[in-house]
Amino acid sequence: MTNALPLWEVFVRAKNGLAHKHVGSVHAADPRMALEAARDVYTRRMEGVSLWVLPSASIIASDPGESPSLFDPAEDKIYRHPTFYIVPDNIKHI
Amino acid sequence: MYTVSLSPETDLHIVAADDTQRNAVFEAKVADDQFIEPKDWMPDAYRKTLIRQISQHAHSEIVGMLPEGNWLTRAPSLRRKAILLAKIQDECGHGLYLYSAAETLGISRDDMTEALHQGRAKYSTIFNYPTLTWADMGAIGWLVDGAAILNQVPLQRTSYGPYARAMVRICKEESFHQRQGYESMMVLAQGTEGQRRMAQDALNRWWWPSLMMFGPPDDQSPNSAQSMRWRIKRDSNDALRQKFVDVTVPQAQALGLTIPDPDLKWNETRNAYDYGAIDWAEFHAVVRGEGPVAKERLAARIDAWESNAWVRDAALAHEAKRSQRKAA
Ligand SMILES: [Fe+2]
Ligand SMILES: [Fe+2]
């Protein structure tokens with residue numbers, strides 16, 4: 001299968017005001033074809049008002065093996081959350 | 001406030017004739033509280049006003065790191081230092097969210113940075129005041145972030161999608177800023193006599209500049225009506241300022257601190273606090289760039305940008321070399 005169609009990731013904006021959300025992928029030869037395929041596959045029931053497609057190969061994903069070193073440091077920084085601070089109940093609007 | 005218009009807007013009412021149709025659709029959408037997204041048609045003046053407002057907001061977040069950075073190495077405990085560092089880190093993130101929202105309107109971040117450094121772009125007047133004591137860290141979190149929250153909460157429903165979404169993220173993060181500030185003020189206000197005096201002194205110096213953050217009075221904000229119609233401003237300057245006074249006065253009373261305004265008193269009929277006259281001459285002077293530490297702030301920004309240029313250059317040179325090797 002030397003002539004396999006490249007893979008594209010598809011993002012749909014459900015309605016204005018919301019960010020595009022990843023919904024899946026399609027195979028297509030070029031951007032136009034990818035958009036049309038995405039339209040046919042993912043928005044047949046008015047799921048969206050806008051589409052993004054981009055070559056799957058251009059996505060740089062983090063390595064699950066690196067997750068601890070990437071995300072664990074946030075775990076013990078509870079002072080980044082408002083609930084860390086004790087403000088008496090009678091103080092309003094804070 | 002971060003989003004108060006601080007520079008002249010001369011281009012607001014011009015719509016080319018062939019755009020009347022599209023403009024009508026746009027106006028109807030906005031009036032109906034719908035969101036405008038980057039690829040939707042929008043009038044040039046809306047785009048320009050948004051670029052000005054969002055970039056000014058972004059610059060405020062970035063310059064706003066400086067007064068607090070001033071105390072990082074002198075925080076009184078490791079706990080306070082970690083908290084202050086986390087807050088400053090958040091403000092940097094806020095700047096970046098906002099720059100990227102502005103970039104969807106067709107301006108580059110470098111262009112915005114250049115405009116700031118050349119003095120063509122403004123940022124909130126509040127950051128041109130010096131942070132003289134540790135209590136200023138508490139007062140800023142409590143008052144400055146408190147004022148910012150009041151302004152930013154309604155902007156979560158602003159008409160421009162990327163701006164609204166940035167504001168949602170920012171508002172989620174702001175709450176800790178205000179609470180750590182108030183908590184810090186509480187500790188000082190209940191501390192030694194010297195600490196209490198330091199807290200009162202900080203309130204004295206930050207109260208009026210905080211009120212000025214909401215911008216000139218409504219009758220001197222000629223473009224507010226247009227911005228409100230476009231839903232890129234959702235409440236008037238004076239309405240937000242009044243709200244700020246009304247929620248903050250009881251908070252100060254709970255601390256046992258005195259708001260530095262002899263004319264401040266509860267008005268039974270208005271169900272709100274009356275407050276004294278604001279020194280608008282001072283505000284306009286600070287907008288003109290005559291704030292106490294305005295020159296210092298801008299110099300610090302330019303210095304950070306220029307003295308770190310080699311890092312950006314090195315990263316690009318490294319990548320260029322790498323891809324050249326890959327191609328060979
Ligand atoms: Fe912020
Ligand atoms: Fe903040």
Quiz prompt | Scope the range B:261-282; condition buried (at least 16 other Cβ atoms within 10 Å of the Cβ) and either in contact with a Pro (Cβ under 7 Å, 6 or more places away or on another chain) or assigned to a loop (DSSP other than H, G, I, E, B) (or both); matching residues | solution = B:D261, B:L264, B:Y275, B:I278
Quiz item: within 14 Å of chain A (Cβ to nearest Cβ), over 30 Å from B:R197 (Cα atoms), within 14 Å of the chain's Cα centre (by Cα) and without any contact (Cβ under 8 Å) to a residue 40 or more places away in the chain, is that true of B:V153?
Solution: yes
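Looking only at the range A:25-42, decide whether some residue is on the phi < 0 side of the Ramachandran plot and within 15 Å of the chain's Cα centre (by Cα).
From the range A:25-42, those on the phi < 0 side of the Ramachandran plot are A:25-42; that's our starting set.
The next check asks that each one be within 15 Å of the chain's Cα centre (by Cα); those that pass are A:25.
For the range A:25-42, residues on the phi < 0 side of the Ramachandran plot and within 15 Å of the chain's Cα centre (by Cα): present.
Does the range A:59-80 contain any residue that is at the interface with another protein chain (Cβ under 9 Å from one of its Cβ atoms), assigned to a loop (DSSP other than H, G, I, E, B), free of Cβ contacts under 8 Å to residues at least 12 places away in the same chain and closer than 28 Å to B:V249 by Cβ? Even if it seems obvious, please write down each step before you answer.
Here is the first cut: in the range A:59-80, the ones at the interface with another protein chain (Cβ under 9 Å from one of its Cβ atoms) are A:77, A:79-80.
Those left that are additionally assigned to a loop (DSSP other than H, G, I, E, B): A:77.
Filter again for free of Cβ contacts under 8 Å to residues at least 12 places away in the same chain, leaving A:77.
When the remaining residues are screened for being closer than 28 Å to B:V249 by Cβ, the result is none.
Checked against the condition, which is being at the interface with another protein chain (Cβ under 9 Å from one of its Cβ atoms), assigned to a loop (DSSP other than H, G, I, E, B), free of Cβ contacts under 8 Å to residues at least 12 places away in the same chain and closer than 28 Å to B:V249 by Cβ, the range A:59-80 yields no hits at all.
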Quiz item: A:A37 is checked against (1) buried (at least 16 other Cβ atoms within 10 Å of the Cβ); (2) under 30 Å from B:R79 (Cα atoms) and fails just one. What number does that condition carry?
Solution: (2)
Quiz prompt | Residue list for the range B:134-145, restricted to those being touching a residue at least 40 places away in the same chain (Cβ under 8 Å) and within 12 Å of ligand 1 (Cβ to nearest atom) | solution = B:I140, B:G141, B:V144
Practice problem: Evaluate the range A:46-55: report whether one residue or more is within 10 Å of chain B (Cβ to nearest Cβ), hydrophobic (A, V, I, L, M, F, W, C), farther than 30 Å from B:G256 by Cα and surrounded by 10 or more Cβ atoms within 10 Å (Cβ to Cβ). | Solution: yes
Practice problem: Report yes if B:Q178 is in contact with a Cys (Cβ under 6 Å, 6 or more places away or on another chain) and within 13 Å of ligand 1 (Cβ to nearest atom), otherwise no. | Solution: no
Quiz item: Listed residues B:M185, B:M212; which is within 11 Å of another protein chain (Cβ to nearest Cβ), buried (at least 22 other Cβ atoms within 10 Å of the Cβ) and either of a type in the set (F, W, Y) or away from ligand 1 (no atom under 13 Å from the Cβ) (or both)?
Solution: B:M185
Practice problem: State which residue is nearest to the other protein chains (Cβ to nearest Cβ) when the search covers only the range B:166-182 and only residues that are in contact (Cβ under 8 Å) with a residue 60 or more places away in the chain and over 13 Å from B:W142 (Cα atoms). | Solution: B:E173
Practice problem: Considering only residues that are more than 18 Å from A:P73 (Cβ to Cβ) and away from ligand 2 (no atom under 12 Å from the Cβ), look in the range B:74-95 and name the one that is farthest from the other protein chains (Cβ to nearest Cβ). | Solution: B:R74
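Quick one: is A:V26 more than 30 Å from B:M167 (Cα to Cα), in contact (Cβ under 8 Å) with a residue 24 or more places away in the chain and part of a strand (DSSP E or B)?
Values: more than 30 Å from B:M167 (Cα to Cα): yes; in contact (Cβ under 8 Å) with a residue 24 or more places away in the chain: yes; part of a strand (DSSP E or B): yes.
Against the criterion (more than 30 Å from B:M167 (Cα to Cα), in contact (Cβ under 8 Å) with a residue 24 or more places away in the chain and part of a strand (DSSP E or B)), A:V26 qualifies.
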Self-check item: Number of the condition not met by B:D44 [criteria: (1) touching a residue at least 40 places away in the same chain (Cβ under 8 Å); (2) among the charged types (D, E, K, R); (3) more than 13 Å from chain A (Cβ to nearest Cβ)]
Solution: (1)
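Taken together, the values in this text are just the output of simple stated rules run on the coordinates, not laboratory data. A quick note: this is a predicted structure, and the numbers were derived from the prediction, not measured. Methodologically, a virtual Cβ is constructed for each residue, glycine included, from the backbone with ideal geometry; neighbour enumeration extends over all protein chains shown.
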